[in-house]
Ligand SMILES: Nc1ncnc2c1ncn2[C@@H]1O[C@H](COP(=O)(O)OP(=O)(O)OP(=O)(O)O)[C@@H](O)[C@H]1O
Ligand SMILES: [Mg+2]
């Protein structure tokens, strides 16, 4: 199976005000087609709110969301061709694995004969073909999350949004799911935005990491890049950055979430992943 057509994503001055507080404050960001970007930052910095505006679950107060160059501010969520994977994978408990994955295709009006091959391909991709007829309650947490992933990608989305998708899983499962999701996203060439407050997860999975604080990227990169990290001096091979700077502030100060990973050695196949 393949993504319908990966689209680039552009956020332009994207703002959401709740009451008198700007939860997201003039975020401008471009994500290239096929790129995976992680939004990383402390609790309450506006990551989910940003993602919900991209998904069409809430309307921006100001600014624009453009998918494939088309402004979608007023396009309802089910017309945006977006796959969504959240921490709470919210499978339908009374539907089998196959029925859960087929749901989005049924909603799009596809007939049974068109649906089954797509569902089978998605289940094969997440290695759950043998579990097709089970109910969610008879699956492990990791298996349930893979069903949710299959459900998100079966519609062949032009954009995949992941909000803390692995937060409910234990460390081992989390590590393997990080690799699996990344491989599937690469194989299908889907544009993806992932939200996390786990810097290791961000660096393992994403092409590019955008650190947010107080509703804003502390460094809003406007260009796609194959380097995984953000505002950092180049690390020595196999190691994470040793110093960071941003447009507005140094981010190797004690409060910087990025700081905690300084000097740590990584063996992930995806880190470091730098353009030559
Ligand atoms: N519906 C809402 N009404 C009022 N305030 C809201 C609403 N949704 C979010 N907020 C506020 O907006 C800010 C950003 O919230 P958001 O959920 O985007 O944070 P987050 O970065 O995803 O945090 P976390 O890592 O804890 O999930 C928070 O201060 C939150 O309290
Ligand atoms: Mg959140």
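The values are calculated or read from the model by the stated rules, or taken from the named source; none is laboratory data. As the structure is a computational prediction, the values presented were derived from the model and not from experiment. Every residue, glycine among them, receives a Cβ derived from its backbone with ideal geometry; neighbour counts consider all protein chains shown.
Checking each residue in segment 40-64 for being under 16 Å from residue 218 (Cβ atoms) and either more than 8 Å from ligand 1 (Cβ to nearest atom) or in a loop (DSSP other than H, G, I, E, B) (or both) picks out 40, 41, 42, 43, 44, 45, 46.
The helices (runs of 4 or more DSSP H) found wholly in segment 108-213 and carrying at least 3 residues that are not assigned by TED's automatic domain parsing to the domain that holds residue 21 occupy 112-125, 141-153. For segment 48-58, the condition of being over 17 Å from the mean Cα position of the chain (by Cα) and either within 16 Å of ligand 2 (Cβ to nearest atom) or buried (at least 17 other Cβ atoms within 10 Å of the Cβ) (or both) holds for at least one residue. Here residue 90 fulfils each of the conditions (1) touching a helix residue (DSSP H, G or I) at 6+ places or on another chain (Cβ under 7 Å); (2) in a loop (DSSP other than H, G, I, E, B); (3) within 16 Å of ligand 2 (Cβ to nearest atom) apart from (1).
For segment 105-126, the criterion of being within 20 Å of the chain's Cα centre (by Cα), in contact (Cβ under 8 Å) with a residue 40 or more places away in the chain, within 16 Å of ligand 1 (Cβ to nearest atom) and within 26 Å of residue 208 (Cα to Cα) is met by none of the residues. Is there a residue being over 21 Å from residue 78 (Cα atoms), touching a residue at least 40 places away in the same chain (Cβ under 8 Å) and within 13 Å of ligand 2 (Cβ to nearest atom) anywhere in segment 171-194? No, the conditions are met nowhere in segment 171-194. Per the conditions (1) more than 28 Å from residue 197 (Cα to Cα); (2) surrounded by fewer than 21 Cβ atoms within 10 Å (Cβ to Cβ), the sole criterion not satisfied by residue 100 is (2).
Counting only residues that are in a strand (DSSP E or B) and away from ligand 2 (no atom under 13 Å from the Cβ), segment 65-87 holds 9 of them. Scanning for something in a loop (DSSP other than H, G, I, E, B), surrounded by 21 or more Cβ atoms within 10 Å (Cβ to Cβ) and away from ligand 1 (no atom under 15 Å from the Cβ), does segment 16-39 turn up at least one residue? There is at least one residue in segment 16-39 that is in a loop (DSSP other than H, G, I, E, B), surrounded by 21 or more Cβ atoms within 10 Å (Cβ to Cβ) and away from ligand 1 (no atom under 15 Å from the Cβ).
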